[in-house]
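Read-outs: derived from the displayed coordinates by stated rules, not from any lab. Since the model is a prediction, treat every value here as computed from it, not as a measurement. Positions of Cβ are backbone-derived with ideal geometry, glycine not excepted, and every protein chain shown enters the neighbour counts.
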Amino acid sequence: MPSLGLGRLLTRERVDPTARRPRGAGTSTFWIFSIGSATLLFMGWLLPWFVRPTSSGIGYSPMDVVSSAPTGIGTFLVYLLGIGMLVMVLSPFAELFYRARKRAVPERLDQVRVLIAVFGLVSTVVVFLLTRVIQEEQLFGPIDAFTITDSAVWLTMVGYILAATAYGLRGWVIRRPTTAFAALALPVGILLPLMFHQAPVFILWAAGSLGIYTLLALGLNVVVGFAGLLDLGYAAFFAIGAYTCGSLASPKHSIHLPLWVLIFLGAAVASMFGAVLGAPTLRLRGDYLAIVTLGFGEIIPDLATNNIGKLTGGPDGISSIDQPIVHLPFATINFGINKEWYYWSVLLVVIVVIVLLRNLEHSRVGRAWVALREDEVAAAATGINTTSTKLLAFAIGASVSGLAGAFYGSIVTIVSPDDFSFSVSVSILSIIVLGGIGNITGVIVGSFVLTFVIFWMLQYLNEWSATLGQTINVPSLGNIDYSQYTYMIYGVALILMMLLRPGGLIPSRARQIELTSGGEEESLAAVQGIA
Amino acid sequence: MTDTAAVPRQAPAPSGVPVLELRDVDVSYGRVQALRGVSLTVGEGEIVALIGSNGAGKTTTLRTISGLVRPSKGEVLLRGQPIQGMGAEAIARLGVGHAPEGRRLFSRMTVRENLDMGAYSRKDRAGIRDDFERVFALFPRVKERSSQLAGSLSGGEQQMVAIGRALMARPTLLLLDEPSLGLAPIVVDSVFEVIREINQGGTTVLLIEQNALLALNTARRGYVLETGEVATQGPSQELLHSPDVQRAYLGM
Ligand SMILES: Nc1ncnc2c1ncn2[C@@H]1O[C@H](COP(=O)(O)OP(=O)(O)O)[C@@H](O)[C@H]1O
Ligand SMILES: [Mg+2]
């Protein structure tokens, strides 16, 4: 068997040192910063609407402070913060305005924005110190800032930091997008549970939906994005990972393996299935491959429903899955109670997977995938083993999914066949299409956007809408069940994207080129006369 | 996993054993038989031309040699070793470079990345760097365009990249499938000039052409393929003067 260069995964190797960075990576990061800062500040301002339903009644947003009569200097400070928020929310539009006119953004504007951001950051810290540390409540009027949730304060701070970086260090962000991204995203990502300790639901969302779906999307991106093999049954591997975890860490079979073993086991079992599914589909492309994988995606949950070999518990699935309890010298961490530990574990795994996949993308195998996607015949003629290269894509993609599945099982403690329906495969595919097929950053952004909309906003939209209905005296607004519109949202989002940004939010280089030129080449099977 | 690429290339053949030999090869695509009992030999250091009209089976012959299709009967010997059952990637590693019909570049990769893919099965970094220089020396235009996307090049430049990509595997046997296809006459001349140069550097070449005059003027010997069978063969000068060949392929 030819060497696939797997040993080099950790030592990122670029064979061609002059190879260019994908076009636009730097500007994409700038946009993430710019739009991200606008979003965070906006969310911080209207926090109760975003992070938890208003009815649960703990804490207020800065908005609530402002809507009370202005009394103290603190309220005034909050007013200024609101103006800063507005400036940053409008900023991306200013960028668009100058770009449309093909002019550079005036230095003055950047200076003003940096000034506002720095001032905003300082004010937020002052508000924080006054209310939390010195507890000077009287400065803030009837609804004092003491009741502004910590989350709002954090969101505002992070938002201003992003803004200051984007507009103040524009050059650095564009030249070193990865460094800039990591320098800001990492600390924020790690501190997130501390920022939202008043909203544990949010942490569960971040760990469960966002973390798990990011893993799934990253894995599917290997198959669809890197190797160009359309897989419509990807949820099957997710199911395999989850059931592996369920069977081996629950009272079901009285086996209780630790989660840390199970994530590897789940990955291994899923990758085996990935290779098994891959083998008969090697000669298929496009539509045919999609149909076979679709079938596989249907078969696996069916097998689980039929309680095959009495292993899977039938339609009810497996419940009471273990949640880790870790004994440290100084403390005992029960993941079932302190959910933020799930978040941190998933975050760590996501980071490791991202690093591995980035290296993989630039390794020999990664280049072989690109070549295979481009022209299978030429790839074979240049000495690429098309069989093992494709199988490897299936296996690696599936293993990431299996890993995610094991985590999922442990987080939700119950797995049943319904959790792995076709709609899950569709969601994951939508994420990578929306984010940008083949582009890791795009895929991450895509999972952020879609899971936020689908798993967060839609759930609370009913309540937000009811509140709005009460306020404006249209009570029927409270009767709409928005969660029924998930697929409509996918549909509208995808159609809009195909029209506005056909390569996804952050397109990969290959997609960008493909959209401007290029069709598909004849397949290897066609050349061999066996298609 | 064994690392075939690091193993030194095929040792020089003992004199007398041809670099390539096809013995009585049959190839079918499903029910269509494309080759019937094709036999041919290519000696060390030769340029051999394989000519024939459209659909005669020239491309099929090359694909059979490089392992993209498998013969249903007969043998393909590379320096005496049978290779007909091996996969394309294994044959490429044995030093067979294939510049396929229609060039088939990786059009969304840069020229440099295309050349780099040619060296896919090699690990000797220094050697790869030398070969980049060698290809750039042979085709200065390719060097100028090295950071451009392959799909954006002109036909002639693409052909140069295709040959260059095949050369990056440092092949001892180079298979060229209609390098003149779709190129302006003046470009064809310069491409063929380089093919001769490559051959003088010690690489054995099997050249496929519909342009019989050009092929026979470049090669020492030639084979004429007609509907999957070898119709005539011999030294180029003989073929050029054979009335049959003149009538059928040289338009005389
Ligand atoms: N992939 C294929 N599938 C089926 N038939 C093919 C295929 N490729 C070539 N053929 C048939 O095989 C014969 C030889 O084709 P080919 O080798 O391409 O000829 P040439 O290169 O001399 O033009 C033709 O009749 C052609 O139609
Ligand atoms: Mg041909």
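Averaged over its residues, how many other protein chain Cβ atoms are within 10 Å of peptide B:79-89's Cβ atoms?
Going residue by residue through B:79-89 and averaging, the value is 3.
Which whole-number percent of Cα pairs in the range A:201-528 have a distance greater than 36 Å? Numbers along the way, then the final one.
On the way: 11645 of 53628 pairs.
Here the tail beyond 36 Å accounts for 22 percent of pairs.
Calculate I(q)/I(0) for the protein assembly as shown by the Debye formula, one identical point scatterer on each C-alpha and no solvent, and give its log10 at q = 0.05, 0.07 Å⁻¹ to two decimals.
One equal scatterer on each Cα of the protein assembly as shown leads to -0.35, -0.63.
Given the options B:Y29, B:Y120, B:Y223, state which has the largest fluctuation in a GNM of chain B using a 10 Å cut-off (strictly under) for Cα springs.
Top of the fluctuation ranking is B:Y29.
Give me the one-decimal nm value for the distance between modelled label points at B:D24 and A:I351, 7 Å along each residue's Cα-to-Cβ direction.
With each label placed 7 Å out from Cα toward Cβ, I get 6.8 nm.
Hey, with R₀ at 60 Å, roughly what FRET efficiency would A:L90 and A:T332 work out to, going by the Cβ-Cβ distance, to 0.05? Show your work: numbers first, answer last.
Values: r = 49 Å, r/R0 = 0.81.
After rounding, the FRET efficiency stands at 0.80.
Set the Förster distance to 41 Å, then compute FRET efficiency between A:Q198 and A:R108 from the Cβ-Cβ distance, nearest 0.05. Don't jump to the answer; show the numbers that get you there.
Numbers: r = 40 Å, r/R0 = 0.96.
About 0.55, to the nearest 0.05.
Mind checking which of B:I195, B:I186, B:I91 has the largest fluctuation in a GNM of chain B, springs on alpha carbons under 10 Å?
B:I186
Whole Å is fine, so just give me how far the alpha carbon centre of the range A:392-465 lies from that of the range A:167-196.
Cα centroid of the range A:392-465 versus Cα centroid of the range A:167-196: 23 Å apart.
Within 10 Å of each Cβ in peptide A:383-393, how many partner chain Cβ atoms are there on average? Round it to a whole number, please. Mind dumping the intermediate values first?
Details: counts 20, 6, 8, 3, 2, 3, 1, 0, 0, 0, 0.
Neighbouring Cβ atoms belonging to other protein chains average 4 per residue here.
For the pair A:M272/A:S476, report the inter-label distance in nm, with labels modelled 7 Å from Cα in the Cβ direction.
If labels sit at A:M272 and A:S476, their model points lie 5.8 nm apart.
Counting just the Cα atoms, what span does the range B:96-167 cover along each of its three principal axes? Round to the nearest Å and put the largest first.
Per principal axis, max minus min of the Cα coordinates gives 31, 24, 20 Å.
Please order B:T203, B:T61, A:T293, A:T467 by the number of other Cβ within 10 Å, starting at the fewest.
Values: B:T203 21, B:T61 29, A:T293 24, A:T467 18.
Starting with the residue having the fewest Cβ neighbours, the order is A:T467, B:T203, A:T293, B:T61.
Does the range A:230-296 come out rounded, prolate or oblate, given a ≥ b ≥ c as the square roots of the eigenvalues of its C-alpha gyration tensor, rounded meaning a/c under 1.5 and, failing that, prolate meaning a/b above b/c?
Working: a/c = 3.69, a/b = 2.78, b/c = 1.32.
The shape class here is prolate.
For A:I308, project a label point 7 Å along Cα to C-beta. Then give me every residue of the range A:379-414 with its amide nitrogen under 17 Å of that point.
In the range A:379-414, the label zone of A:I308 (backbone N under 17 Å from the point 7 Å along Cα→Cβ) covers A:402.
Mind checking the alpha-carbon convex hull of chain B and giving the volume per residue in Å³? Present the calculation step by step, with values, prior to reporting the outcome.
Details: hull volume 32.8 nm³, N = 252.
Convex hull volume per residue, Cα atoms: 130 Å³.
Calculate, for A:I83 and B:S152, the FRET efficiency according to 1/(1 + (r/R0)^6) with r their C-beta to C-beta distance and R0 45 Å; round to the nearest 0.05. List each step's numbers first, then the result.
Working: r = 49 Å, r/R0 = 1.09.
Efficiency for this residue pair is about 0.40.
Quick check on packing: order A:348-360, A:99-111 by the mean number of other C-beta atoms within 10 Å, highest mean leading.
Descending packing order for the listed peptides: A:348-360, A:99-111.
Fewest Cβ neighbours within 10 Å first, please rank B:R79, A:R367 accordingly. Before the final figure, lay out each step's value.
Details: B:R79 20, A:R367 24.
Fewest to most other Cβ atoms nearby, the residues stand as B:R79, A:R367.
Highest mean first, how do A:430-440, B:100-110 rank when packing is the count of other Cβ atoms within 10 Å averaged over residues? Walk me through the intermediate numbers first.
Values: A:430-440: 26.1, B:100-110: 23.0.
Going from most to least packed, we get A:430-440, B:100-110.
Within the protein assembly as shown, what is the number of lysine pairs with alpha carbons under 25 Å apart, leaving out pairs fewer than eight places apart on the same chain? Before the final figure, lay out each step's value.
Details: A:K252/A:K310; A:K252/A:K339; A:K390/B:K123; B:K58/B:K73; B:K123/B:K143.
Taking the Cα cut-off of 25 Å, the pair count is 5.
Using a 7 Å offset from the Cα along the Cα-to-Cβ direction at both A:Y487 and A:F119, what is the distance between the two label points in nm, to one decimal?
If labels sit at A:Y487 and A:F119, their model points lie 5.2 nm apart.
Once all Cα-Cα distances of the range A:187-301 are split into 5 Å bins that start at 0, what whole-number percent is in each one?
For the range A:187-301, the pair-distance distribution reads 2, 10, 16, 19, 16, 14, 11, 7, 4, 1, 0.
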